[in-house]
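The values are calculated or read from the model by the stated rules, or taken from the named source; none is laboratory data. All values derive from a computational prediction rather than experimental measurement. All Cβ positions, glycine included, derive from the backbone under ideal geometry; neighbour counts span all protein chains shown. Note: accessible area is taken over every heavy atom of the protein model, side chains too, but ligands, DNA and RNA are not part of it. Shrake-Rupley method; radii C 1.70, N 1.55, O 1.52, S 1.80 Å.
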Amino acid sequence: MLQTINLESHLDEISIQGWSVLPVPLKLAEQLAKLATERFKQNIFKHAALTESISPIADIRNDKILWLDAKNFTLEQSEVLILNQLELLKTSLQNYFRIHLSELECHYAVYEPGHFYQRHVDATQANNKRIFSFVIYLNENWQAEDGGQLIAYDNEQVLFKILPSAGQMILFKSTLEHEVVTTAQTRLSLTGWFRK
Ligand code: OGA
Ligand code: MN
């Protein structure tokens, strides 16, 4: 996945502007979407817990998640593949930014119609170990009217706004403020963090 692209230019973008959009093969996104859907049907996804609950959780986010962890279930080939690619990316981030990243954590997320995630940062005071966030989108043929955009902010200014379309992953500094707009369609992703 990532070795075929000029990763250096994406790392430069993260360094300069705090975020970058990287390509992901559609075939891989398709396989992961299929697995996410199958696993979701098994009722093993859970409501995400917030590290700092300042109001009832459903007010802030209402997606359901499943941690991608060999302890939870047997990983399929495409899941092992993406985890290996993300480990390579972790090494590149460490080398480029000259920091130590001890861990990669990631989960599937399913937003059903009407679901959203209000403006927040991933690196909170209670969970400040998250350095880089990423979201691999798994939705083919997503349209603007389907909603579910990811919007990032620099104070009141919109930094970027992207559709959760398959074929791309967004990588950004975990200190960036962002939100997921209410989705009108079932929205699938693989979301994670590189932690220090
Ligand atoms: C998150 C998040 C963004 C997205 O899970 O913390 O902000 O586009 N996700 O799914
Ligand atoms: Mn987030």
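For first residues located in region 1-23 and within 18 Å of Thr91 (Cβ to Cβ) and at pLDDT 95 or above, partners that are of a type in the set (D, E, K, R) and surrounded by fewer than 18 Cβ atoms within 10 Å (Cβ to Cβ) and lie 6+ apart or on another chain with Cβ distances below 7 Å form the pairs Ser20/Glu13.
Among the residues here, Thr74 does not qualify as of a type in the set (S, T, N, Q), more than 10 Å from ligand 1 (Cβ to nearest atom) and touching a residue at least 12 places away in the same chain (Cβ under 8 Å). Of all residues in region 167-187, those satisfying the criterion of being open to solvent by less than 20 Å² (accessible area, probe 1.4 Å) and of a type in the set (A, V, I, L, M) are Met169, Ile170, Leu171, Val180.
For region 142-151, the criterion of being in contact with a helix residue (DSSP H, G or I) (Cβ under 7 Å, 6 or more places away or on another chain) and open to solvent by less than 50 Å² (accessible area, probe 1.4 Å) is met by none of the residues.
Here the condition is being open to solvent by less than 60 Å² (accessible area, probe 1.4 Å), at pLDDT below 95 and within 14 Å of ligand 2 (Cβ to nearest atom); of Thr124, Thr191, it holds for Thr124 alone. When Lys34 is tested against the conditions (1) surrounded by 13 or more Cβ atoms within 10 Å (Cβ to Cβ); (2) touching a residue at least 12 places away in the same chain (Cβ under 8 Å), the lone failure is (2).
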